[in-house]
Amino acid sequence: DTGSAAAIPVNPNYDIAYVTPVSIGTPPQTLHLDFDTGSSDLWVFSSHLPASQIRGQTIYVPANSSTAKLLADHTWSITYGDGSASRGNVYVDNFTVGGLTVENQAVQCALQVSTSFTRESNIDGLVGLGFSTLNTVVPKSQLTFFDNAKPHMDEPVFTADLKWKSEGTYDFGFIDEKKYTGKITYVPVNTSPGYWTFTSSGYAVGSGNFSATSIVGIADTGTSLVYLPPSILTAYYRQVEGATSSRTYGGYVFPCNSKLPSFTFGIGEARITIPSSYISYAPVTAGSSTCFGGLQSSSSLGINIWGDVALKAAFVVFHGGNPPTIGWAKK
Ligand SMILES: C[C@H]1CC[C@H](NC(=O)Cn2ccnc2)CC1
């Protein structure tokens with residue numbers, strides 16, 4: 001089996017997140033979900049939510065699906081790194097992404113979502129593509145869509161081709177050679193933390209010398225920005241006129257008309273360059289001439305994160321073999 005589906009920016013002005021259309025149940029209910037390699041719960045806005053917590057999202061109504069079955073006495077509760085959270089109960093149902101169907105996929109139905117999810121009207125839920133060890137369902141944890149689909153896939157892989165301010169693609173079960181240039185460089189993944197954790201070989205700021213240094217981090221499609229050690233941030237923002245680390249805005253900001261260098265990171269001997277346009281992320285508030293950087297410090301996180309700002313500069317292969325690996329290519 002294989003599948004291919006669009007990754008659509010939820011906001012036309014800044015790449016806050018990407019959603020992908022999926023079909024759930026019989027007859028199919030179409031929702032737009034945020035595919036998140038940084039978590040492992042598949043949860044949806046549902047008919048169990050209070051109306052006050054829904055603001056334009058499409059809900060999944062298990063009662064309207066002839067193939068939905070309640071997973072009795074199972075619940076879930078998740079909190080993300082940005083403080084957002086949700087919790088609820090669990091059904092199994094047919095789940096289809098871009099033509100690839102998994103029967104009896106655990107679909108976690110929200111009974112409660114935090115305000116940041118309510119405010120994001122274009123996200124109807126998440127599809128966790130991290131390792132199933134992170135799934136929060138109790139008393140029996142559930143498998144991700146990828147783990148359920150893997151045995152039926154032509155190849156045990158999915159790929160992310162995210163794009164700057166435009167529609168990209170998630171492919172399942174195959175690698176589309178048309179989506180990248182040159183070769184794919186694969187590096188090992190440490191699955192113990194439950195994320196797609198790998199080691200970058202170093203970085204360069206703009207046209208500067210490459211600094212060979214191991215950077216352990218996660219490839220996280222569910223996080224908008226890139227979070228790296230403070231020493232790298234200092235090296236980058238010292239090249240940006242008027243840049244400063246702002247307590248008010250919680251990170252590095254700079255005048256929107258400042259000239260920004262690109263940022264290159266290493267994958268083994270290979271190099272991926274993030275164009276400066278991706279790093280001038282967004283005005284701090286609508287219409288402001290102060291912009292928030294796409295590279296921020298990971299010092300408060302305890303983990304480095306290669307979020308969408310980095311991922312959209314590459315074609316990324318999440319290879320779920322034994323052992324799993326991650327591949328990066330230019331495009
Ligand atoms: C400071 C950073 C803020 C952003 C954090 N990322 C997430 O919370 C990803 N996510 C998934 C669902 N909702 C959000 C990572 C830490």
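Only residues that are outside any strand (DSSP E or B) and out of contact with any helix residue (DSSP H, G or I) (no Cβ under 9 Å at 6 or more places or on another chain) were counted in the stretch 166-191, giving 8.
Evaluate the following for Ser231: is it over 21 Å from Ser200 (Cα atoms) and either among the hydroxyl-bearing types (Ser, Thr, Tyr) or in a strand (DSSP E or B) (or both)? Here the answer is no, as Ser231 does not meet what is asked. When the residues of the stretch 11-46 are filtered to those that are among the hydrophobic types (A, V, I, L, M, F, W, C), within 12 Å of the ligand (Cβ to nearest atom) and out of contact with any Leu (no Cβ under 8 Å at 6 or more places or on another chain), the one that is farthest from Ser86 (Cα to Cα) is Ile16. The selection criterion, being of a type in the set (A, V, I, L, M), under 20 Å from the mean Cα position of the chain (by Cα), surrounded by 17 or more Cβ atoms within 10 Å (Cβ to Cβ) and farther than 16 Å from Ile215 by Cβ, does not hold for Ala243. Figure legend. Inter-residue proximity from the stretch 200-220: first residues closer than 20 Å to Tyr186 by Cα and among the β-branched types (Val, Ile, Thr), second residues assigned to a strand (DSSP E or B) and within 16 Å of the ligand (Cβ to nearest atom), beta-carbon distance below 7 Å, spacing 6+ or different chains. Indicated pairs: Ile215/Leu228; Ile215/Asn304; Val216/Thr197; Val216/Asn304; Ile218/Thr197; Ile218/Ile305; Ile218/Trp306. Residues in the stretch 209-224 that are in a strand (DSSP E or B) and either of a type outside the set (Gly, Ala, Ser) or within 16 Å of the ligand (Cβ to nearest atom) (or both): Thr213, Ile215, Val216, Gly217, Ile218, Ala219.
Could you grab me the full set of residues in the stretch 51-99 that are away from the ligand (no atom under 16 Å from the Cβ), touching a residue at least 60 places away in the same chain (Cβ under 8 Å) and part of a loop (DSSP other than H, G, I, E, B)? Within the stretch 51-99, Ile54, Arg55, Gly56, Thr58, Ile59, Gly98, Gly99 qualify. Determine the pairs where a residue that is within 13 Å of Ile16 (Cα to Cα), located within the stretch 163-176, has a partner that is of a type in the set (Lys, Arg) and crowded, with 16+ Cβ neighbours inside 10 Å with Cβ atoms under 6 Å apart, the partner being 6 or more residues away or on another chain. Sorted first by the residue in the stretch 163-176, then by its partner, the pairs are Lys163/Lys312; Trp164/Lys312. Selection of the stretch 277-331 for residues being within 15 Å of the chain's Cα centre (by Cα), in a strand (DSSP E or B) and within 16 Å of the ligand (Cβ to nearest atom) yields Asn304, Ile305, Trp306. For the stretch 1-16, a tally of residues being surrounded by fewer than 22 Cβ atoms within 10 Å (Cβ to Cβ) and touching a strand residue (DSSP E or B) at 6+ places or on another chain (Cβ under 8 Å) returns 11.
When Glu103 is tested against the conditions (1) assigned to a strand (DSSP E or B); (2) of a type in the set (Asp, Glu); (3) in contact (Cβ under 8 Å) with a residue 40 or more places away in the chain, the lone failure is (3).
Has the stretch 197-208 got at least one residue that is part of a strand (DSSP E or B), within 16 Å of the ligand (Cβ to nearest atom) and not acidic (Asp, Glu)? Working first, answer last.
Residues of the stretch 197-208 part of a strand (DSSP E or B): 197-205.
With the extra rule that they be within 16 Å of the ligand (Cβ to nearest atom), the set shrinks to 197.
After this cut, where a residue has to be not acidic (Asp, Glu) as well, the list is 197.
Within the stretch 197-208, one or more residues are part of a strand (DSSP E or B), within 16 Å of the ligand (Cβ to nearest atom) and not acidic (Asp, Glu).
Can you pull out the residues in the stretch 172-192 that are farther than 27 Å from Tyr236 by Cβ, loosely packed, with under 13 Cβ neighbours inside 10 Å and small (Gly, Ala, Ser)? Correct list: Ser192 only. Scanning the stretch 193-203 for residues that are more than 19 Å from the chain's Cα centre (by Cα) and surrounded by fewer than 19 Cβ atoms within 10 Å (Cβ to Cβ) yields one hit, Gly202. Anything in the stretch 156-171 that is buried (at least 16 other Cβ atoms within 10 Å of the Cβ) and either under 18 Å from Pro323 (Cα atoms) or among the hydroxyl-bearing types (Ser, Thr, Tyr) (or both)? List them, or say none. Within the stretch 156-171, Pro156, Val157, Phe158, Thr159, Thr169, Tyr170 qualify.
For the stretch 107-129: of the residues being within 18 Å of Gly38 (Cα to Cα) and over 16 Å from the mean Cα position of the chain (by Cα), which is farthest from the ligand (Cβ to nearest atom)?
Initial filter on the stretch 107-129 (within 18 Å of Gly38 (Cα to Cα)): 107-108, 116-117, 123-129.
When the remaining residues are screened for being over 16 Å from the mean Cα position of the chain (by Cα), the result is 107-108, 116.
Values: Val107: 17, Gln108: 13, Ser116: 8 Å.
Filtering the stretch 107-129 for residues that are within 18 Å of Gly38 (Cα to Cα) and over 16 Å from the mean Cα position of the chain (by Cα), the one farthest from the ligand (Cβ to nearest atom) comes out as Val107.
No value in this document is a laboratory result; all are computed from the given coordinates. Since this is a predicted model, take the numbers as computed values, not measurements. When we count neighbours, we look across all protein chains shown, and the Cβ atoms used for this are built from the backbone with ideal geometry, even at glycine.
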